[in-house]
Amino acid sequence: MLQNLKIENVAIIEKADISFERGLNIMTGETGAGKSIIIDSINAVLGERTSKELVRTGSAKASVTAEFRINNSAFDSMLEELGIEPEADGMLLIRRTIGADGKNTCRINGIPVTVSMLKTVGRELINIHGQHDSQRLLNPESHCDFIDKMADIDALLAEYREAFYSLVELRHEISGLVTDDEEKNRKIELLTYQIDEIENANLNPGEMEELKALRTLHRNSEKIIGSLNAAYSLINGYNEAAGALQQIKMCFNQLDGVSQYHSVIEDSANKLRELSYQLEDVQENLSSTIDELDYDPAYAQAVEDRLDYLNRLSRKYGADEDAMLEFCEKCKKELQEIEFSDERLIQLKEEQKKIKQKVVALSEKLTQRRTSTAADFAKKVEAELKFLDMPNVQFAVDIRPINLTENGADEIEFLISPNLGETKKPLAKIASGGELSRVMLAIKNVLSDKDEIDTLIFDEIDAGVSGRAATKLGKKLSEVSKGRQVICVTHLAQIAAQADHHFEISKASHDGKTYTSVVPLDFEGRKHELARIIGSGEITQTQLNMAEELLNL
């Protein structure tokens with residue numbers, strides 16, 4: 001239940017703090033006073049789409065804070081799934097801030113959340129029914145939802161949809177396998193060619209990189225061999241000149257003879273000896289490498305040809321050997337699927353036959369449940385409408401068979417005859433605005449025990465209603481509010497008189513700005529507000545007497 005709503009800097013509302021109670025909460029006021037802004041604010045804090053245009057002129061941001069009391073373990077579980085710890089006392093605090101720059105900040109119990117998370121939570125807290133909601137009745141596609149809700153067939157519908165979606169997937173797979181023989185043969189030929197070309201290449205992962213290194217080596221072999229020979233000669237010596245190795249050994253011999261006289265000399269001698277060993281290793285490595293690097297033009301060309309061949313394959317089948325081999329495996333799998341497609345097609349058609357039988361059987365169960373529910377639904381709605389000052393109304397639910405859809409095999413449409421002697425026709429074609437409002441309220445009342453949401457908001461559901469019908473509408477709203485919370489915006493005194501809690505929305509201008517205030521009314525306040533609604537100008541004693549009579553009734 002919504003206990004408190006705090007609005008700051010939303011449109012012409014600078015600050016409002018409204019405490020709602022259980023029962024029928026009525027909001028009235030002059031046109032343009034700000035009633036719709038309160039509903040917009042509630043929509044905003046429930047996660048509905050909003051815009052920076054809501055921010056009061058001159059303010060950096062607007063904020064709406066709503067405090068709820070929750071007594072629902074399923075709701076607590078939903079909060080936990082969203083990562084929000086429920087409060088032990090059952091309180092839930094939601095705050096949404098809208099910046100003048102369009103940025104939004106949302107929090108639930110102090111935890112930052114996204115707008116979509118806020119909307120998920122909001123759907124379980126409040127149902128808002130406005131004039132646009134009555135317009136749903138003009139769309140026959142929504143009529144099935146009302147019947148299903150009364151029939152309480154969520155589990156059956158979920159089972160049906162699971163089977164139906166499986167059937168759709170099977171049909172799609174079967175469609176993909178059904179190809180003409182010519183196309184099938186073309187695809188087999190292409191896949192076979194691609195597989196053979198890749199397999200005949202005898203691919204080895206890493207081979208292309210090795211070949212590139214070999215190609216670089218061969219292209220620079222003359223330069224490499226020249227440098228190797230020069231380095232070898234400098235180490236080994238040439239033209240009777242001593243090389244680096246011989247000179248280091250001679251240096252070692254000079255120092256080794258006197259190393260016992262000084263530790264530094266001994267250390268230097270040892271290092272020269274180690275250096276001579278290392279140079280001997282280098283000399284041997286250079287000699288071996290020079291022998292190995294005997295340039296072979298034929299081998300170099302073979303490397304170039306193999307690398308060119310692999311590059312051509314790479315452009316068709318993948319960036320490297322691994323990618324090409326993976327492509328080959330995919331081709332093999334696809335070829336196997338095509339070759340065995342006839343067997344698979346037979347198997348899928350058998351599965352399709354079984355699942356379709358299940359879908360049809362479930363759809364028949366849905367039809368049976370809907371048909372048995374529709375008569376009771378129509379009877380109850382018709383009774384509600386007669387109470388709402390439509391004494392000659394006839395209401396019926398028309399169920400027609402259609403092809404299988406995700407909702408079953410039924411097309412459902414509400415039919416109505418508002419006046420005596422008229423045949424029942426589709427609701428969308430003959431109902432007036434006032435009749436739509438009453439039909440919507442009648443349906444809500446019939447389905448009230450199916451709605452677990454504790455707070456209902458009716459935004460000007462009295463559109464097109466007046467006189468005795470308005471009185472009946474008010475009584476019905478009062479009836480709906482028993483055991484739950486109903487918040488209603490109205491322009492009719494007959495409805496406002498039924499309030500358990502009445503709020504006056506008014507606006508005033510001073511210092512060049514407009515301000516909206518929300519004031520809870522006592523008996524005298526309600527009497528004056530009803531007199532204002534009844535009258536058309538200055539309040540008279542007669543209007544006050546009429547207002548008091550309405551309240552006493």
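The values are calculated or read from the model by the stated rules, or taken from the named source; none is laboratory data. All values derive from a computational prediction rather than experimental measurement. Positions of Cβ are generated from backbone atoms using ideal geometry, with glycine treated the same way; all protein chains shown enter the neighbour counts. The area values use the complete protein model at the heavy-atom level, side chains included, leaving out ligands, DNA and RNA. Shrake-Rupley method; radii C 1.70, N 1.55, O 1.52, S 1.80 Å.
Assorted remarks:
- In region 479-519, the residue that is modelled with the lowest pLDDT out of those that are of a type in the set (Ser, Thr, Tyr) and more than 24 Å from Ala469 (Cβ to Cβ) is Thr514.
- Test: residue in region 523-533 that is among the hydrophobic types (A, V, I, L, M, F, W, C), closer than 23 Å to Leu5 by Cα and buried (at least 16 other Cβ atoms within 10 Å of the Cβ): no
- Selection from region 184-216 of residues that are closer than 30 Å to Asp291 by Cβ, in contact (Cβ under 8 Å) with a residue 24 or more places away in the chain and either hydrophobic (A, V, I, L, M, F, W, C) or loosely packed, with under 15 Cβ neighbours inside 10 Å (or both): Asn204, Gly206, Met208, Leu211, Lys212, Leu214
- Region 455-480: number of residues that are touching a residue at least 40 places away in the same chain (Cβ under 8 Å), in contact with a strand residue (DSSP E or B) (Cβ under 9 Å, 6 or more places away or on another chain) and buried (at least 22 other Cβ atoms within 10 Å of the Cβ): 5
- The residue of region 79-104 that is least open to solvent (accessible area, probe 1.4 Å), among those that are over 25 Å from Asp40 (Cα atoms) and outside any loop (DSSP other than H, G, I, E, B), is Glu80.
- Residue ID - nearest to Leu456 (Cα to Cα), chosen from residues in region 46-78 that are among the small types (Gly, Ala, Ser) and assigned to a loop (DSSP other than H, G, I, E, B): Gly47
- Qualifying residue in region 418-431 (condition: under 36 Å from the mean Cα position of the chain (by Cα), more than 30 Å from Gln357 (Cα to Cα), crowded, with 19+ Cβ neighbours inside 10 Å and at pLDDT 80 or above): yes
- The residues of region 339-375 that are under 14 Å from Ile153 (Cβ atoms) and out of contact with any Cys (no Cβ under 8 Å at 6 or more places or on another chain), listed by number, are Leu362, Ser363, Glu364, Lys365, Leu366, Thr367, Gln368, Arg369, Thr371, Ser372, Thr373, Ala374.
- Which numbered condition Ile38 fails, given (1) open to solvent by 10 Å² or more (accessible area, probe 1.4 Å); (2) not in a loop (DSSP other than H, G, I, E, B): (1)
- Taking region 289-388 as the region of interest, the helices (runs of 4 or more DSSP H) fully inside it that hold 3 or more residues being open to solvent by less than 50 Å² (accessible area, probe 1.4 Å) and within 30 Å of Leu167 (Cβ to Cβ) are 341-387.
- If the condition is being in a helix (DSSP H, G or I) and touching a strand residue (DSSP E or B) at 6+ places or on another chain (Cβ under 8 Å), then region 110-121 contributes Val115, Met117, Leu118, Val121.
- Within the option set Arg107, Arg136, being modelled with pLDDT under 85 and either assigned to a helix (DSSP H, G or I) or open to solvent by 20 Å² or more (accessible area, probe 1.4 Å) (or both) holds for one residue only, Arg136.
- Checking each residue in region 224-274 for being among the β-branched types (Val, Ile, Thr) and modelled with pLDDT under 80 picks out Ile224, Ile225.
- Test result for Leu279, open to solvent by less than 50 Å² (accessible area, probe 1.4 Å) and at pLDDT 85 or above: yes
- Some residue of region 73-80 being touching a strand residue (DSSP E or B) at 6+ places or on another chain (Cβ under 7 Å) and not acidic (Asp, Glu): no
- Matching helices (runs of 4 or more DSSP H) fully within region 167-273 where at least 3 residues are under 30 Å from Glu334 (Cα atoms) and touching a helix residue (DSSP H, G or I) at 6+ places or on another chain (Cβ under 6 Å): 181-200
- The C-beta contact set for region 288-315 (first residue in contact (Cβ under 8 Å) with a residue 40 or more places away in the chain and within 25 Å of Glu197 (Cβ to Cβ), second residue of a type outside the set (Ser, Thr, Tyr) and open to solvent by 90 Å² or more (accessible area, probe 1.4 Å), distance under 9 angstrom, 6+ apart or interchain) is empty.
- Test: residue in region 8-16 that is on the phi > 0 side of the Ramachandran plot, part of a strand (DSSP E or B) and among the polar types (S, T, N, Q): yes
- Across region 481-507, the qualifying residues are those that are within 13 Å of Asp462 (Cβ to Cβ) and within 38 Å of the chain's Cα centre (by Cα), and the one among them that is surrounded by the fewest Cβ atoms within 10 Å (Cβ to Cβ) is Val489.
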